[in-house]
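Participant: First the structure, then my questions, so here it is.
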Amino acid sequence: ANALASGGASRAMQLDINSWWVRFVTYAPGASGHLVAQKLLADMVGDTRQFLAPDTRDFFYLTARA
């Protein structure tokens, strides 16, 4: 928390400290109408489709409104 505050963050959340479980994926509509997924960092493990179906791991998501 101190490091994030020192970096100028007013609101932040630490991702899982076990790097194997850290996932951050964005989804955008593709040309064909299908979602195009992109990991925040290329070396993040896991399948980008994980968040599109029920899962035993907890997660949260954000959506943008126009």
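The values are calculated or read from the model by the stated rules, or taken from the named source; none is laboratory data. For clarity, every value in this text was computed on a predicted model and none was experimentally measured. Because the Cβ atoms are built from the backbone with ideal geometry, glycine has one as well, and the counts that use them run over all protein chains shown. These accessible areas exclude ligands, DNA and RNA; they are computed on the full protein's heavy atoms, side chains included. Shrake-Rupley method; radii C 1.70, N 1.55, O 1.52, S 1.80 Å.
Participant: Of a type outside the set (Asp, Glu) and modelled with pLDDT under 80, is that true of residue 57?
Facilitator: Against the criterion (of a type outside the set (Asp, Glu) and modelled with pLDDT under 80), residue 57 qualifies.
Participant: Right, another one. Which pairs do you get when a residue that is within 15 Å of residue 59 (Cα to Cα), found in region 13-38, comes within reach of a residue that is polar (S, T, N, Q), reach meaning Cβ atoms under 6 angstrom, with the pair 6+ apart or on two chains?
Facilitator: Once the first residue is within 15 Å of residue 59 (Cα to Cα) and sits in region 13-38, its partners that are polar (S, T, N, Q) give 25/48; 26/38.
Participant: What pairs come up if the first residue lies in region 51-62 and is part of a loop (DSSP other than H, G, I, E, B), the second is among the polar types (S, T, N, Q), and their beta carbons are under 9 Å apart, counting only those six or more places apart or on different chains?
Facilitator: Close Cβ pairs (under 9 Å, with a partner that is among the polar types (S, T, N, Q)) amount to 57/50; 59/50.
Participant: Out of 2, 18, which single residue is open to solvent by 90 Å² or more (accessible area, probe 1.4 Å) and farther than 28 Å from residue 66 by Cβ?
Facilitator: When all the criteria are applied, what remains is 2.
Participant: Which of the residues that make up region 29-42 are more than 13 Å from the chain's Cα centre (by Cα) and either among the aliphatic types (A, V, I, L, M) or exposed (fewer than 10 other Cβ atoms within 10 Å of the Cβ) (or both)?
Facilitator: Answer for region 29-42, where residues must be more than 13 Å from the chain's Cα centre (by Cα) and either among the aliphatic types (A, V, I, L, M) or exposed (fewer than 10 other Cβ atoms within 10 Å of the Cβ) (or both): 29, 31, 32, 33, 34, 35, 36.
Participant: Any chance region 23-39 includes a residue that's at pLDDT below 80, among the aromatic types (Phe, Trp, Tyr), out of contact with any Pro (no Cβ under 7 Å at 6 or more places or on another chain) and not in a strand (DSSP E or B)?
Facilitator: Taking every residue of region 23-39 in turn, none turns out to be at pLDDT below 80, among the aromatic types (Phe, Trp, Tyr), out of contact with any Pro (no Cβ under 7 Å at 6 or more places or on another chain) and not in a strand (DSSP E or B).
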